[in-house]
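To keep things clear, I will list the structure first and then write my remarks on it.
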Amino acid sequence: MDDERQSHDCVLRLTDEQFTRFLHFSVDQAAEPVYWIDKRGCFAYVNATACRMLGWSRAELLLMTVFQVDRLLTPALWEARWEQLQVEKSALYDVVHVARDGRTFPVEVSANFQNVGGEEFVAAFARDVTDRRLAEQRLKLFEKVFDNALEGITVTDHRGDIVSVNPAFTLVTGYTAAEALGQNPRILKSDRHPSGFYKAMWAEIIKKGQWSGEIWNRRKSGEAYPEWLSISAIKDRGRTTHYVAVFHDISEMKRKEDKILHQASHDALTNLPNRLLLSDLLEKAISHATRAGHKLGVICFDLDNFKNINDTLGHAMGDELLKAAAVRISSMLRPEDTVARPGGDEFLVMLGEIADERDAVLVAERILDSFRRPFPVDGRELVLTASVGISIFPEDGRTQDALIKNADLAMYRAKAQGKNAYQLFTPQMNEAVTRRLNLEAGLRRALDRGEFLVHYQPRLSFVNMRTVGMEALVRWRREPGMLVPPMEFIPLAEETGLIVPLGEFVLETACARTAAINAAMGLSLKVSVNLSARQFSDTNLPELVDRVLGATGLPPACLEVEVTETVLMQNIATAANMLAQLAEMGVSASIDDFGTGYSSLYYLKKMPLAAIKIDRSFIRDIPRDPSDLAITTTIISMCRGLDLAVVAEGVETQEQFNFLLGLRCDECQGYLVSRPLPAPDFEAFLRQSGNAPG
């Protein structure tokens, strides 16, 4: 009875007023943000944690709507959620909140429909899930790496029992994951190694935490196979918790080694690789090229009329000539290239990493040109020519057999067309090389002929919605009505060195035009000019800029130079010195295509930069791609902290514009504002947009 009275007394200890105050304090100080929202989307209540998370005071938030906190939430979507919650009473939503300082972050919201005294509200409990999302992304990445690795991977616990295997494990061993889990890796033991081998292996793992080496294991089928195995101990606070084994099957490599050991790998006459070794090397090169994404070249040389030499001078003389030809061909190649003699009067050349078919053509031309010199053989000077065929990986074949066969076909076509010449495998490739050579020749004459033009793309300020500058972009009008795409001639100009006079032309033209526009319209537009790697590495660049500014009358503050991350990172100290000299003159600098190169924060801190330009690849999929949203938000926030202006490139839609405006981006350029315009059209654009008196 006393116990019941005491219990009853405890229940009644808090008055209703005290209990209400207790609940209010508990909610207000809750670890997670809490807010109540009415049907209009207005905040009716927010707790202290919500204020801290969002950065506004309680008084400020109570005068705001949920649409100001969740920029992706529209009145229509809110109405749909309200109706949903009226029926279902509660729901969980993944949203993105924006704080007072412009920072955006992912939030998980638990929404509950409440009716209090006849009034309806949504009680929302929010949780910042930034760290969780990052952890989930990292976990997904690790899972993809694990699942897609070409090597087999086995993870065991500290006792050695298998807890995880990847698909490559099954591909190599034949054991499925279900069959392997819980088993000891001894199921793969081949019995080809003595017990001392395993004792030594585990002794090294215990001592050094890892071991790697060649080992024989056994597949589920019973077949023994060699593999290269690496085992690492995973430790937590000094205690081993797991072991990770990574292995790949080296059976094919072993078979090839055995095959090479059982037969000669080189031509006995010339000491060059024979067809067997060349095929092996070419196969490996194809595998590497496939992974790295570069091209290979195969060149087939057939000596013209060599049979006549054998018939008239004898095979001994013919053999000496073959050896001399082998030496001369080899002298024309790079260390990473290979020349082989498959037999007879034929040679095959494998070109390692090449940029395009033009590289292979240059090698063929160099070798043919070297053949114009007579070959001194046993006191005689013999003249020799060759018919040459070229094939390119991957366009002309993805296997070594296909590449050699197609190079042979091209060689026979060269022989049929008169010998002493080369042919690419396809007419289309011949046309492409010819076009490139013609393009290079035309490029060298274009400056003298006045074929280059400068177009201007406006840069719009988000602050006053006015054009504050423009980017100068070079165009090549090769003939009336024909514009050569910049992606065709700019790389070619870089390769040939013509980018230096071309860049000087663009700088002079852009500065002169900008000075004229500013003087005529009473403006202070800033023009940005791209600098190539060759231009930026020229120690005379500051003198050039100073001379151009003096000649055109453009104030230094109205010129901005754009340099890519890759160019800056080639030599940070030299780049910093160059930018410092320009800055002393009053010329500002910006980073072009930010995020596509090294993206090192080091140079942002060390170099005198005024702005960065977010590459269009990050703007293109806004607002559909969450990654692009996050990257763009992070870049703008980071630059604000570093006092750098931000220019968004490639803005083409109103949605992209609104998103960047919400993030307080400084400027934008893109087709939504205007495409690049010829100078007269750009001036008309300024008048129509209100930047200058009509």
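All of the numbers you see were taken from the coordinates with simple rules; none came from a lab. Everything numeric in this text was worked out from a predicted model, so none of it was measured. For neighbour counting, all protein chains shown are included, and Cβ atoms are generated from backbone atoms with ideal geometry for every residue, glycine included.
Structure notes:
- Sorted peptide list for 154-167, 636-649, criterion being average Cβ within 10 angstrom, highest first: 636-649, 154-167
- Binning the C-alpha pair distances of the range 517-647 at 5 Å intervals from 0 yields a P(r) profile of 2, 10, 19, 21, 17, 13, 9, 5, 2, 0 %, listed from the shortest bin outward.
- For the range 306-438, DSSP calls about 70 percent of its internal beta bridges antiparallel.
- Dipole of the chain computed with +1 at Lys/Arg Cβ and -1 at Asp/Glu Cβ about the Cα centre; of Gly503, Thr240, Phe105, farthest Cα towards the positive end is Thr240.
- In the range 445-688, the DSSP beta bridges split such that about 40 percent are antiparallel, to the nearest 5.
- Cα shape, the range 445-688, gyration tensor, a/c 1.5 rule: rounded
- Among Tyr45, Tyr422, sorting on how many other beta-carbon atoms sit within 10 Å of each Cβ, with the fewest leading, yields Tyr45, Tyr422.
- Degrees between helix 130-148 axis and first principal axis of the chain (Cα, 0 to 90, nearest 10): 30
- Under 28 Å from Lys89, Cα to Cα: lysines that are on another chain or at least 8 residues apart: Lys39
- In terms of surrounding Cβ atoms within a 10 Å radius of their Cβ, Asp378, Asp625 rank from fewest to most as Asp378, Asp625.
- Ranking of Leu384, Leu171 by count of other Cβ atoms within 10 Å, fewest first: Leu171, Leu384
- Relative to its residue count, the range 131-212 spans a Cα convex hull of 133 Å³ per residue.
- Helix-only [θ]222 nm of the chain, DSSP H runs n ≥ 4, -39500 (n - 2.57) each, per residue, nearest 500: -14000 deg cm²/dmol
- Net charge of neighbours whose Cβ lies under 14 Å from the Cβ of Glu479, counting Lys and Arg as +1 and Asp and Glu as -1: +4
- Overall Cα dimensions of the range 25-128, principal axis frame, Å, largest first: 35, 31, 23
- For the chain, share of DSSP beta bridges that run antiparallel, in % to the nearest 5: 80
- With 20 Å bins beginning at zero, the pair-distance distribution over Cα atoms of the chain amounts to 13, 27, 35, 20, 5, 1, 0 %.
- Cα-based helix-to-principal-axis angle, 400-416 vs the chain, degrees rounded to 10: 50
- Dipole size of the range 149-253 about its Cα centre, with +1 on Lys/Arg Cβ and -1 on Asp/Glu Cβ: approximately 500 debye, rounded to the nearest 20.
- The lysines within cross-link reach of Lys235, meaning a Cα-to-Cα straight distance under 26 Å and a gap of 8 or more places when in the same chain, are Lys140, Lys144, Lys189, Lys199, Lys207, Lys208.
- 28 Å Cα-Cα threshold exceeded, pairs from Lys256/Lys419; Lys284/Lys307; Lys526/Lys605; Lys284/Lys419: Lys256/Lys419; Lys284/Lys307; Lys284/Lys419
- Descending Cα extents along the principal axes, the range 168-277, whole Å: 63, 32, 25
- Degrees, to the nearest 10: 486-496 long Cα axis against longest axis of the chain: 50
- Cα centroid separation - the range 46-77 against the range 225-272, whole Å: 60
- Potential extension, Leu269-Thr241 segment - 0.36 nm per residue separation minus Cα distance: 4.1 nm
- When the charge dipole of the range 25-128 is built from unit charges on Cβ atoms (+1 for Lys and Arg, -1 for Asp and Glu) and taken about the Cα centre, the candidate among Gly118, Phe43, Leu61 whose Cα reaches farthest toward its positive end is Leu61.
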